[in-house]
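Just below is one structure, and these are the notes that go with it.
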Amino acid sequence: MTRSERTVDVLIVGAGPAGLAAGAELAAAGAGRIEILEREQEPGGIPRHCHHSGFGGRFTRGGMDGPAYARRSAAAAVRAGAGLRTGVTVTGWAGPRTVETTGPGGLERITAGAVVLATGARERPRSARLVPGSRPPGVHTTGELQQAVHLYGQRIGTRAVVIGDEPVAHAAVDTLRAAGVHVVAVVTDRPAAPLRVRQRVPLLTGATVTGLTGRTRLSGVSLRHDDGRTTTLRCDTVVFTGDFVPDHELARRGGITLDPGTRGPAYDAAYRTSRPGVFAVGNLLHAVERAGVAADEGRAVAVSVLHRLSGTDEPFGGGRPLVVDAPLRWVAPNLTGPGGARPLGDRFVLRTARRLSRPLLVVSQDGRELHRQRLLLPAVPGRPFHLAAGWLDRVDPHGSPVRITAL
(Lines give C-alpha, C1' and ligand atoms only; values in the text may rest on other atoms or scores of the structure.)
Protein backbone atom coordinates (compact mmCIF):
# COMPACT_ATOMS: atom_id res chain seq x y z
CA MET A 1 0.00 0.00 0.00
CA THR A 2 1.30 3.48 -0.88
CA ARG A 3 2.26 5.65 2.07
CA SER A 4 1.89 9.41 1.56
CA GLU A 5 4.41 11.80 3.10
CA ARG A 6 4.09 15.37 4.33
CA THR A 7 5.56 17.87 6.79
CA VAL A 8 4.16 19.98 9.63
CA ASP A 9 5.78 22.38 12.06
CA VAL A 10 4.53 20.68 15.25
CA LEU A 11 2.94 17.26 15.57
CA ILE A 12 1.08 16.47 18.79
CA VAL A 13 0.23 12.83 19.49
CA GLY A 14 -2.82 12.57 21.74
CA ALA A 15 -5.88 14.83 22.02
CA GLY A 16 -6.46 14.67 25.75
CA PRO A 17 -6.25 17.72 28.02
CA ALA A 18 -2.46 18.06 27.62
CA GLY A 19 -2.35 17.63 23.84
CA LEU A 20 -5.30 19.94 23.18
CA ALA A 21 -3.90 22.65 25.46
CA ALA A 22 -0.51 22.40 23.77
CA GLY A 23 -2.12 22.69 20.35
CA ALA A 24 -4.19 25.71 21.33
CA GLU A 25 -1.22 27.51 22.90
CA LEU A 26 1.15 26.84 20.00
CA ALA A 27 -1.38 27.80 17.36
CA ALA A 28 -2.20 31.02 19.18
CA ALA A 29 1.53 31.80 19.36
CA GLY A 30 1.86 31.49 15.58
CA ALA A 31 4.07 28.38 15.65
CA GLY A 32 3.08 27.44 12.10
CA ARG A 33 1.17 24.36 11.06
CA ILE A 34 0.08 22.50 14.19
CA GLU A 35 -1.52 19.08 13.91
CA ILE A 36 -3.01 16.98 16.71
CA LEU A 37 -3.57 13.26 16.14
CA GLU A 38 -5.98 11.16 18.21
CA ARG A 39 -6.55 7.42 17.81
CA GLU A 40 -10.05 7.56 19.32
CA GLN A 41 -12.97 8.79 17.25
CA GLU A 42 -13.62 11.70 19.60
CA PRO A 43 -11.06 14.08 21.16
CA GLY A 44 -10.84 14.95 24.85
CA GLY A 45 -9.17 11.96 26.49
CA ILE A 46 -10.39 10.48 29.75
CA PRO A 47 -12.71 13.43 30.63
CA ARG A 48 -15.00 12.37 27.75
CA HIS A 49 -16.51 9.67 29.93
CA CYS A 50 -16.16 11.30 33.37
CA HIS A 51 -19.64 12.63 34.01
CA HIS A 52 -18.86 14.24 37.36
CA SER A 53 -18.30 17.99 37.74
CA GLY A 54 -15.12 19.82 38.72
CA PHE A 55 -13.36 20.12 35.36
CA GLY A 56 -12.06 23.49 34.20
CA GLY A 57 -12.85 25.13 37.54
CA ARG A 58 -10.33 27.92 37.01
CA PHE A 59 -12.28 29.15 34.01
CA THR A 60 -15.88 28.31 34.86
CA ARG A 61 -17.43 28.81 38.24
CA GLY A 62 -17.88 25.46 39.95
CA GLY A 63 -16.38 23.66 36.98
CA MET A 64 -18.16 21.52 34.40
CA ASP A 65 -18.55 17.84 33.73
CA GLY A 66 -15.92 15.89 31.82
CA PRO A 67 -17.66 15.67 28.42
CA ALA A 68 -18.30 19.43 28.41
CA TYR A 69 -14.67 20.06 29.34
CA ALA A 70 -13.49 17.76 26.54
CA ARG A 71 -15.68 19.54 23.98
CA ARG A 72 -14.52 22.96 25.13
CA SER A 73 -10.85 21.95 25.04
CA ALA A 74 -11.13 20.55 21.51
CA ALA A 75 -13.03 23.60 20.29
CA ALA A 76 -10.40 25.93 21.77
CA ALA A 77 -7.58 24.13 19.93
CA VAL A 78 -9.41 24.24 16.60
CA ARG A 79 -10.47 27.85 17.11
CA ALA A 80 -6.84 28.81 17.75
CA GLY A 81 -5.88 27.30 14.40
CA ALA A 82 -4.61 23.79 15.24
CA GLY A 83 -5.56 20.93 12.96
CA LEU A 84 -7.27 18.05 14.76
CA ARG A 85 -7.58 14.56 13.23
CA THR A 86 -9.30 11.70 15.04
CA GLY A 87 -9.29 7.99 14.29
CA VAL A 88 -5.59 8.21 13.40
CA THR A 89 -3.10 5.92 15.15
CA VAL A 90 0.65 6.55 15.27
CA THR A 91 2.18 3.13 14.74
CA GLY A 92 5.90 3.88 14.94
CA TRP A 93 8.86 6.02 13.96
CA ALA A 94 10.57 6.40 10.59
CA GLY A 95 13.13 8.98 11.70
CA PRO A 96 14.11 11.29 14.60
CA ARG A 97 10.93 13.38 14.22
CA THR A 98 9.05 11.34 11.63
CA VAL A 99 6.13 9.11 12.57
CA GLU A 100 4.12 6.54 10.66
CA THR A 101 0.36 6.61 10.98
CA THR A 102 -2.70 4.73 9.87
CA GLY A 103 -6.19 6.15 9.65
CA PRO A 104 -9.25 6.57 7.44
CA GLY A 105 -7.07 8.10 4.72
CA GLY A 106 -4.66 5.17 4.71
CA LEU A 107 -0.97 5.02 5.61
CA GLU A 108 0.96 8.22 6.12
CA ARG A 109 4.41 9.41 7.14
CA ILE A 110 4.57 12.80 8.89
CA THR A 111 7.76 14.73 9.63
CA ALA A 112 7.66 17.61 12.11
CA GLY A 113 9.97 20.33 13.34
CA ALA A 114 8.95 19.27 16.85
CA VAL A 115 6.91 16.35 18.21
CA VAL A 116 4.91 16.52 21.45
CA LEU A 117 3.93 13.18 22.99
CA ALA A 118 0.70 13.48 25.00
CA THR A 119 -0.44 9.85 24.97
CA GLY A 120 -1.66 9.85 28.59
CA ALA A 121 -1.99 6.94 30.99
CA ARG A 122 -4.08 3.85 31.57
CA GLU A 123 -5.09 1.67 34.49
CA ARG A 124 -3.44 -1.70 34.78
CA PRO A 125 -6.01 -4.43 34.08
CA ARG A 126 -6.61 -7.52 36.19
CA SER A 127 -4.06 -9.55 34.19
CA ALA A 128 -1.25 -7.07 34.84
CA ARG A 129 -2.06 -7.15 38.56
CA LEU A 130 -1.59 -10.95 38.56
CA VAL A 131 -4.96 -11.64 40.17
CA PRO A 132 -5.59 -15.42 39.87
CA GLY A 133 -8.82 -17.23 39.20
CA SER A 134 -11.15 -17.77 36.28
CA ARG A 135 -11.69 -15.15 33.56
CA PRO A 136 -15.43 -14.56 33.44
CA PRO A 137 -17.22 -11.50 32.01
CA GLY A 138 -17.85 -8.71 34.52
CA VAL A 139 -14.25 -7.58 35.17
CA HIS A 140 -13.47 -3.92 34.38
CA THR A 141 -11.07 -1.06 34.96
CA THR A 142 -12.58 2.35 35.78
CA GLY A 143 -12.05 3.55 32.23
CA GLU A 144 -13.70 0.49 30.73
CA LEU A 145 -16.62 0.87 33.13
CA GLN A 146 -17.13 4.56 32.33
CA GLN A 147 -16.97 3.98 28.59
CA ALA A 148 -19.44 1.09 28.82
CA VAL A 149 -21.93 3.13 30.87
CA HIS A 150 -21.54 6.69 29.59
CA LEU A 151 -20.44 6.21 25.97
CA TYR A 152 -22.16 2.99 24.95
CA GLY A 153 -25.07 2.66 27.40
CA GLN A 154 -24.26 -0.98 28.14
CA ARG A 155 -25.78 -2.95 31.00
CA ILE A 156 -23.15 -3.70 33.65
CA GLY A 157 -24.58 -5.99 36.32
CA THR A 158 -26.41 -5.87 39.65
CA ARG A 159 -23.79 -6.22 42.44
CA ALA A 160 -20.27 -4.78 42.22
CA VAL A 161 -17.03 -4.69 44.21
CA VAL A 162 -14.58 -1.83 43.68
CA ILE A 163 -10.88 -2.54 44.23
CA GLY A 164 -8.60 0.39 45.13
CA ASP A 165 -8.34 3.35 47.46
CA GLU A 166 -7.30 6.17 45.14
CA PRO A 167 -9.73 9.03 44.43
CA VAL A 168 -10.71 7.41 41.13
CA ALA A 169 -12.56 4.80 43.21
CA HIS A 170 -15.12 7.54 43.94
CA ALA A 171 -15.69 7.89 40.21
CA ALA A 172 -16.16 4.13 39.86
CA VAL A 173 -18.74 4.08 42.66
CA ASP A 174 -20.58 7.05 41.11
CA THR A 175 -20.66 5.38 37.70
CA LEU A 176 -21.94 2.10 39.14
CA ARG A 177 -24.65 3.94 41.04
CA ALA A 178 -25.64 5.81 37.86
CA ALA A 179 -26.00 2.43 36.14
CA GLY A 180 -28.26 1.14 38.91
CA VAL A 181 -25.68 -1.28 40.31
CA HIS A 182 -25.49 -2.00 44.04
CA VAL A 183 -21.93 -1.49 45.33
CA VAL A 184 -21.16 -4.24 47.83
CA ALA A 185 -17.85 -2.80 49.08
CA VAL A 186 -14.71 -0.85 48.25
CA VAL A 187 -11.63 -2.98 49.02
CA THR A 188 -8.02 -1.94 49.60
CA ASP A 189 -4.95 -3.83 50.73
CA ARG A 190 -3.72 -0.82 52.71
CA PRO A 191 -4.20 -1.01 56.48
CA ALA A 192 -5.56 2.55 56.60
CA ALA A 193 -6.94 4.03 53.41
CA PRO A 194 -6.82 7.75 52.61
CA LEU A 195 -10.10 7.32 50.75
CA ARG A 196 -13.29 8.10 52.61
CA VAL A 197 -16.19 6.65 50.67
CA ARG A 198 -18.75 9.40 50.85
CA GLN A 199 -21.50 7.28 49.29
CA ARG A 200 -21.89 5.13 52.44
CA VAL A 201 -20.35 2.08 50.85
CA PRO A 202 -18.52 -0.38 53.16
CA LEU A 203 -14.74 0.15 53.03
CA LEU A 204 -12.67 -2.98 53.67
CA THR A 205 -9.03 -2.18 54.49
CA GLY A 206 -6.11 -4.58 54.83
CA ALA A 207 -7.69 -7.01 52.36
CA THR A 208 -5.97 -8.54 49.33
CA VAL A 209 -7.78 -9.98 46.32
CA THR A 210 -6.76 -13.64 46.05
CA GLY A 211 -9.00 -14.73 43.19
CA LEU A 212 -12.07 -14.30 41.04
CA THR A 213 -14.73 -16.98 40.70
CA GLY A 214 -17.34 -17.73 38.06
CA ARG A 215 -17.42 -19.06 34.50
CA THR A 216 -20.26 -17.69 32.37
CA ARG A 217 -20.32 -14.61 34.64
CA LEU A 218 -18.31 -13.39 37.62
CA SER A 219 -19.82 -14.78 40.81
CA GLY A 220 -17.48 -13.58 43.54
CA VAL A 221 -14.27 -11.92 44.69
CA SER A 222 -12.13 -13.85 47.18
CA LEU A 223 -10.22 -11.82 49.80
CA ARG A 224 -7.56 -12.53 52.39
CA HIS A 225 -7.46 -10.14 55.35
CA ASP A 226 -4.29 -9.11 57.14
CA ASP A 227 -5.33 -11.15 60.20
CA GLY A 228 -5.52 -14.32 58.09
CA ARG A 229 -9.29 -14.45 57.64
CA THR A 230 -10.66 -15.21 54.18
CA THR A 231 -13.86 -13.86 52.66
CA THR A 232 -15.72 -14.19 49.39
CA LEU A 233 -17.89 -11.24 48.38
CA ARG A 234 -20.78 -12.28 46.18
CA CYS A 235 -20.97 -10.07 43.08
CA ASP A 236 -21.29 -10.14 39.30
CA THR A 237 -19.05 -7.14 38.62
CA VAL A 238 -15.61 -6.08 39.85
CA VAL A 239 -13.86 -2.80 39.03
CA PHE A 240 -10.08 -2.50 39.43
CA THR A 241 -9.31 1.18 39.99
CA GLY A 242 -6.13 3.23 40.15
CA ASP A 243 -2.69 1.69 39.60
CA PHE A 244 -2.14 3.94 36.60
CA VAL A 245 0.81 3.49 34.26
CA PRO A 246 1.93 5.84 31.48
CA ASP A 247 0.89 4.83 27.99
CA HIS A 248 4.53 4.86 26.90
CA GLU A 249 4.52 2.39 24.01
CA LEU A 250 5.25 5.01 21.34
CA ALA A 251 8.02 6.56 23.43
CA ARG A 252 9.55 3.14 24.03
CA ARG A 253 9.43 2.27 20.33
CA GLY A 254 11.31 5.48 19.63
CA GLY A 255 14.14 4.51 21.96
CA ILE A 256 13.35 7.39 24.30
CA THR A 257 14.87 6.94 27.76
CA LEU A 258 12.25 5.98 30.36
CA ASP A 259 12.43 6.87 34.03
CA PRO A 260 12.40 3.68 36.17
CA GLY A 261 10.16 5.32 38.78
CA THR A 262 7.40 6.93 36.74
CA ARG A 263 7.79 4.48 33.83
CA GLY A 264 7.19 7.42 31.52
CA PRO A 265 9.84 9.31 29.53
CA ALA A 266 12.69 10.80 31.54
CA TYR A 267 12.32 14.56 31.17
CA ASP A 268 13.50 17.91 32.47
CA ALA A 269 11.56 21.01 33.48
CA ALA A 270 11.31 22.09 29.83
CA TYR A 271 9.57 18.77 28.95
CA ARG A 272 12.53 17.68 26.81
CA THR A 273 13.06 13.95 26.32
CA SER A 274 16.24 12.13 25.31
CA ARG A 275 15.29 12.42 21.62
CA PRO A 276 16.09 15.95 20.31
CA GLY A 277 12.98 17.83 19.26
CA VAL A 278 10.63 15.37 20.97
CA PHE A 279 8.79 16.66 24.05
CA ALA A 280 6.38 14.94 26.45
CA VAL A 281 3.56 16.30 28.58
CA GLY A 282 0.65 15.23 30.75
CA ASN A 283 0.00 11.88 32.34
CA LEU A 284 2.44 10.14 30.04
CA LEU A 285 5.01 11.62 32.44
CA HIS A 286 3.45 11.00 35.84
CA ALA A 287 0.40 8.77 35.97
CA VAL A 288 -1.88 10.17 37.06
CA GLU A 289 -2.70 13.85 37.76
CA ARG A 290 -5.89 15.89 37.32
CA ALA A 291 -6.91 17.07 33.87
CA GLY A 292 -6.14 20.66 34.86
CA VAL A 293 -2.52 19.80 35.68
CA ALA A 294 -2.11 18.00 32.35
CA ALA A 295 -3.56 21.01 30.51
CA ASP A 296 -1.22 23.38 32.37
CA GLU A 297 1.72 21.29 31.20
CA GLY A 298 0.40 21.37 27.65
CA ARG A 299 0.39 25.15 27.75
CA ALA A 300 3.81 25.28 29.40
CA VAL A 301 5.52 23.10 26.77
CA ALA A 302 4.74 25.69 24.11
CA VAL A 303 7.66 27.86 25.27
CA SER A 304 10.14 25.01 24.83
CA VAL A 305 8.71 24.03 21.45
CA LEU A 306 8.95 27.61 20.20
CA HIS A 307 12.62 27.70 21.26
CA ARG A 308 13.16 24.46 19.36
CA LEU A 309 11.56 25.83 16.20
CA SER A 310 13.61 29.03 16.36
CA GLY A 311 16.89 27.18 17.06
CA THR A 312 17.35 28.76 20.50
CA ASP A 313 16.64 25.66 22.62
CA GLU A 314 19.07 24.08 25.05
CA PRO A 315 20.17 20.49 24.39
CA PHE A 316 18.81 17.65 26.48
CA GLY A 317 21.19 15.98 28.91
CA GLY A 318 22.84 19.00 30.47
CA GLY A 319 21.17 18.39 33.82
CA ARG A 320 21.50 15.82 36.59
CA PRO A 321 19.14 12.88 37.22
CA LEU A 322 16.90 13.09 40.28
CA VAL A 323 16.58 9.84 42.24
CA VAL A 324 14.46 8.99 45.26
CA ASP A 325 14.99 6.64 48.18
CA ALA A 326 12.29 4.22 49.35
CA PRO A 327 9.53 4.53 50.35
CA LEU A 328 9.36 7.38 47.85
CA ARG A 329 8.33 5.97 44.45
CA TRP A 330 9.28 8.72 42.01
CA VAL A 331 9.81 12.42 41.41
CA ALA A 332 8.75 14.45 38.36
CA PRO A 333 10.40 16.10 36.53
CA ASN A 334 13.22 13.62 37.07
CA LEU A 335 16.08 15.64 35.54
CA THR A 336 17.42 19.09 36.28
CA GLY A 337 17.75 21.11 33.10
CA PRO A 338 20.10 23.66 31.62
CA GLY A 339 19.03 27.20 30.84
CA GLY A 340 17.36 27.83 34.20
CA ALA A 341 14.15 25.92 33.37
CA ARG A 342 11.90 25.51 36.42
CA PRO A 343 9.18 22.90 36.92
CA LEU A 344 5.52 23.82 36.70
CA GLY A 345 4.54 25.88 39.74
CA ASP A 346 8.22 25.95 40.76
CA ARG A 347 7.81 22.62 42.51
CA PHE A 348 8.42 18.92 41.91
CA VAL A 349 5.74 16.24 42.21
CA LEU A 350 6.42 13.11 44.29
CA ARG A 351 4.62 9.92 45.22
CA THR A 352 5.14 7.50 48.08
CA ALA A 353 4.61 3.75 48.42
CA ARG A 354 3.38 4.01 52.02
CA ARG A 355 1.89 6.61 54.33
CA LEU A 356 4.38 9.10 55.80
CA SER A 357 3.32 11.33 58.68
CA ARG A 358 4.58 14.86 57.95
CA PRO A 359 7.89 13.66 56.47
CA LEU A 360 11.06 15.71 56.23
CA LEU A 361 12.25 15.78 52.61
CA VAL A 362 16.01 16.13 52.25
CA VAL A 363 17.69 16.92 48.92
CA SER A 364 21.42 16.16 48.61
CA GLN A 365 24.19 15.69 46.07
CA ASP A 366 27.58 14.10 46.68
CA GLY A 367 26.97 14.22 50.44
CA ARG A 368 26.12 17.93 50.34
CA GLU A 369 22.68 18.95 51.56
CA LEU A 370 20.90 21.27 49.13
CA HIS A 371 17.50 21.61 50.76
CA ARG A 372 15.21 20.30 53.47
CA GLN A 373 11.47 20.72 53.71
CA ARG A 374 8.95 19.50 56.27
CA LEU A 375 5.54 18.64 54.84
CA LEU A 376 2.63 20.08 56.80
CA LEU A 377 0.35 17.15 55.96
CA PRO A 378 0.87 13.39 55.69
CA ALA A 379 2.03 11.94 52.37
CA VAL A 380 -0.23 9.07 51.35
CA PRO A 381 -0.05 6.51 48.52
CA GLY A 382 -1.94 7.36 45.37
CA ARG A 383 -1.85 11.12 45.92
CA PRO A 384 0.75 13.71 44.88
CA PHE A 385 2.74 15.90 47.22
CA HIS A 386 5.26 18.56 46.35
CA LEU A 387 8.84 19.66 46.87
CA ALA A 388 9.84 23.30 46.38
CA ALA A 389 12.38 23.87 43.60
CA GLY A 390 14.34 26.75 45.11
CA TRP A 391 17.47 24.58 45.49
CA LEU A 392 17.99 24.00 41.77
CA ASP A 393 20.61 26.76 41.41
CA ARG A 394 22.79 24.93 43.97
CA VAL A 395 23.04 21.71 41.91
CA ASP A 396 26.52 20.93 40.59
CA PRO A 397 25.97 20.29 36.84
CA HIS A 398 29.02 18.00 36.84
CA GLY A 399 28.19 16.16 40.06
CA SER A 400 26.44 12.87 40.74
CA PRO A 401 22.63 12.43 40.62
CA VAL A 402 20.60 14.49 43.06
CA ARG A 403 19.03 12.32 45.79
CA ILE A 404 15.72 12.94 47.57
CA THR A 405 15.07 11.19 50.87
CA ALA A 406 12.08 11.19 53.22
CA LEU A 407 12.93 11.12 56.93
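The values are calculated or read from the model by the stated rules, or taken from the named source; none is laboratory data. As the structure is a prediction and not an experimental result, all values here were calculated from the model. No Cβ is skipped: glycine too gets one built from the backbone with ideal geometry, and neighbour counts run over all protein chains shown.
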Answer yes if at least one residue in region 38-60 is under 21 Å from residue 110 (Cα atoms), modelled with pLDDT of 95 or more and outside any loop (DSSP other than H, G, I, E, B), and no otherwise. yes
Give me the strands (runs of 3 or more DSSP E) completely within region 101-204, filtered to those with at least 1 residues that are assigned by TED's automatic domain parsing to the domain that holds residue 288 and either free of Cβ contacts under 8 Å to residues at least 24 places away in the same chain or of a type in the set (S, T, N, Q) (or both), ordered by residue number. 106-117
Mind checking whether some residue in region 252-260 is within 18 Å of residue 19 (Cβ to Cβ) and buried (at least 23 other Cβ atoms within 10 Å of the Cβ)? no
Residue selected from region 374-390 under the condition among the hydrophobic types (A, V, I, L, M, F, W, C) and surrounded by fewer than 18 Cβ atoms within 10 Å (Cβ to Cβ), by the criterion farthest from residue 244 (Cα to Cα): 376
Out of 351, 320, I need the residue that is surrounded by fewer than 24 Cβ atoms within 10 Å (Cβ to Cβ), within 23 Å of residue 369 (Cβ to Cβ) and modelled with pLDDT of 95 or more. Which one? 351
Tally of residues being of a type in the set (Lys, Arg), in contact with a Pro (Cβ under 8 Å, 6 or more places away or on another chain) and at pLDDT 85 or above across region 150-198: 0
Sole miss for residue 319 among (1) under 30 Å from residue 165 (Cα atoms); (2) outside any strand (DSSP E or B) is condition (1)
Enumeration of residues in region 324-336 that are closer than 17 Å to residue 385 by Cβ, surrounded by 16 or more Cβ atoms within 10 Å (Cβ to Cβ) and among the hydrophobic types (A, V, I, L, M, F, W, C): 324, 328, 330, 331, 332
Out of all the residues in region 365-372, is one or more of a type outside the set (Lys, Arg), outside any strand (DSSP E or B) and either exposed (fewer than 15 other Cβ atoms within 10 Å of the Cβ) or over 26 Å from the mean Cα position of the chain (by Cα) (or both)? yes
